[in-house]
1. If a helix is a whole DSSP H run, which ones in the chain reach 15 Å or further along their own axis (Cα) and hold a mean Kyte-Doolittle hydropathy of at least -1.0?
2. For Cα Rg over 2.2 N^0.38 Å, the listed values are [x] 1.45; [y] 1.14; [z] 2.00; which was obtained by calculation from the structure presented?
3. At a threshold of 8 angstrom on Cα-Cα distance, excluding pairs fewer than six apart, so keeping six or more, what relative contact order does the chain reach in percent?
4. Distance check, please: which entries in Lys12/Lys64; Lys33/Lys83; Lys12/Lys83; Lys5/Lys72; Lys5/Lys25 exceed 23 angstrom between their Cα atoms?
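Since every read-out is calculated from the coordinates, none of them should be taken as a lab result. All values derive from a computational prediction rather than experimental measurement.
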Amino acid sequence: MANSKSAIKRIKTAERNRLRNKTYKSSLKTLTKKYFSAVEAYTAEPTSENMEVVNNAMSEAYSKIDKAVKRKVLHRNNGARKKSRIARVLKQATAV
């Protein structure tokens with residue numbers, strides 16, 4: 001256990017930041033899963049409506065990734081990698 005006031009404050013700050021980061025990462029995973037399911041639906045039935053759903057889901061995921069990077073929840077390269085994987089899935093789905 002912490003012995004000084006500053007160590008106690010650091011523990012509180014770290015816990016607060018951990019919870020804040022957890023909400024970002026959790027919502028990011030949710031948006032990514034929604035995007036992947038939208039791409040699957042588009043692959044099964046390629047219509048313009050399904051493509052619009054895919055583009056909206058991609059936009060939301062990109063936005064959340066950018067906000068997480070801006071607030072230093074994710075490292076810049078980690079955010080770029082996640083966005084790249086999202087784009088690659090759509091490119092493979094439209095190429096088929």
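1. On the way: long enough: 5-44 (59 Å, -0.94); 48-70 (33 Å, -0.59); 76-95 (28 Å, -1.12).
Both cut-offs are met by 5-44, 48-70.
2. Correct label, based on the coordinates given: [x].
3. 28 percent
4. Details: Lys12/Lys64 26 Å; Lys33/Lys83 13 Å; Lys12/Lys83 32 Å; Lys5/Lys72 26 Å; Lys5/Lys25 30 Å.
Violating the 23 Å Cα-Cα cut-off are Lys12/Lys64; Lys12/Lys83; Lys5/Lys72; Lys5/Lys25.
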